[in-house]
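Working notes for the structure below.
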Amino acid sequence: MARNVTDHRRFGTRRTEILRAAATLFASRGFHGVSIEELGRAVGTSGPALYRHFPGKESLLAAMLLDVSERLAIGGRERVAVATGPREALDSLLRGHIAFALEEPALITVHDRELGNVPEPERHRIRRLQRGYLEEWVRVLAELRPDRGPDLLRATVHATFGLLNSTPHSAGELPEGRMVALLLDMGSAALLTDGRAP
C-alpha cells in the first residue's frame with residue numbers, strides 16, 4: 001500500500017512538471033508551435049512517454065487550464081469563507097489573484113491565446129469554473145457597493161482581472177514586493193471606484 005501511495009505521488013509530481021513545462025513552451029511558441037517530442041525533451045523524457053500521463057496535446061492543454069481554473073475557484077471560495085467581512089474578503093481575493101498572476105504569467109498567456117484549442121466538454125467546464133470565480137468576487141463587491149447593479153459589478157471585476165493579468169507584460173519591471181503593492185493599490189482602486197465618467 002505504501003508503495004502505491006508513493007507511486008501515485010510520483011505520478012502526480014511528474015504530471016505537474018509536464019504541465020509547468022508545457023505552459024512555458026505554449027506561452028513562448030504557441031500551442032501549435034510545440035510538438036509532443038519537444039514537450040518530452042523539456043521534462044527529460046521522450047514524447048511518446050507523455051502519453052502515460054495525457055492522451056495527447058489537446059488533453060494536456062485542457063488539463064492545464066482546468067487545473068488553474070479549479071485552483072482559482074477553490075482558493076477564492078476558501079478565502080471568502082474565512083474572512084471576517086467583505087473588505088477583508090476582497091483584500092484576500094486580490095492578494096490571492098496577484099500571487100497567482102506573478103507566479104504563473106505563462107498560464108495567463110496560454111489561457112488568453114489557446115482556450116479555443118481546448119475540446120468540449122472541457123472548455124465548458126473551464127468556463128463554468130471561471131464564472132463561479134468571477135461571481136465570488138461579485139458577491140463580495142456587492143456587499144461593499146450595494147449601490148451598483150450586477151452588470152456594473154461584473155464589468156468592474158472583469159476590468160480588474162485585466163489589470164491584474166497584465167503580468168506577462170510587466171513581470172520583472174519592479175521588485176516583487178513593490179509589484180504586489182502596486183497591483184494591490186490599483187486593484188482596490190479599480191474595484192471600489194464609483195464607476196462614473198469624468
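Numbers below:
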{"item": "Gain upon complete extension [residue 158, residue 32; 0.36 nm per residue less C-alpha separation]", "result": "42.6 nm"}
{"item": "Sites residue 70 and residue 173, calculated FRET efficiency, Cβ-Cβ separation with R0 30 Å, nearest 0.05", "result": "0.50"}
{"item": "Accessible area (Å², per residue) of region 58-192, counting only protein heavy atoms and a probe of 1.4 Å", "result": "50 Å²"}
{"item": "Accessible-area composition of the chain, carbon plus sulfur, in percent [1.4 Å probe]", "result": "54 percent"}
{"item": "Range of Cα positions in the chain per principal axis (Å), largest first", "result": "57, 40, 35"}
{"item": "Added length on full extension, which subtracts the Cα-Cα distance from 0.36 nm per residue, residue 166 to residue 45", "result": "40.3 nm"}
{"item": "Given charges at Cβ of Lys, Arg, Asp, Glu: the chain dipole, positive-most of 146, 16, 47", "result": "47"}
{"item": "Gain in span if fully extended, residue 185 to residue 147, counting 0.36 nm per residue against the direct Cα distance", "result": "11.5 nm"}
{"item": "Listed peptides 172-185, 54-67, 140-153 by packing density, highest first (mean Cβ within 10 Å)", "result": "54-67, 140-153, 172-185"}
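The values are calculated or read from the model by the stated rules, or taken from the named source; none is laboratory data. It should be emphasised that the depicted structure is a prediction, and the values quoted were computed from it without experimental measurement. Please note: Cβ atoms are built from the backbone with ideal geometry, for glycine as well, and neighbour counts cover all protein chains shown. When the accessible area is computed, the model is the full protein with side chains, heavy atoms only, and any ligands, DNA or RNA have been set aside. Shrake-Rupley method; radii C 1.70, N 1.55, O 1.52, S 1.80 Å.
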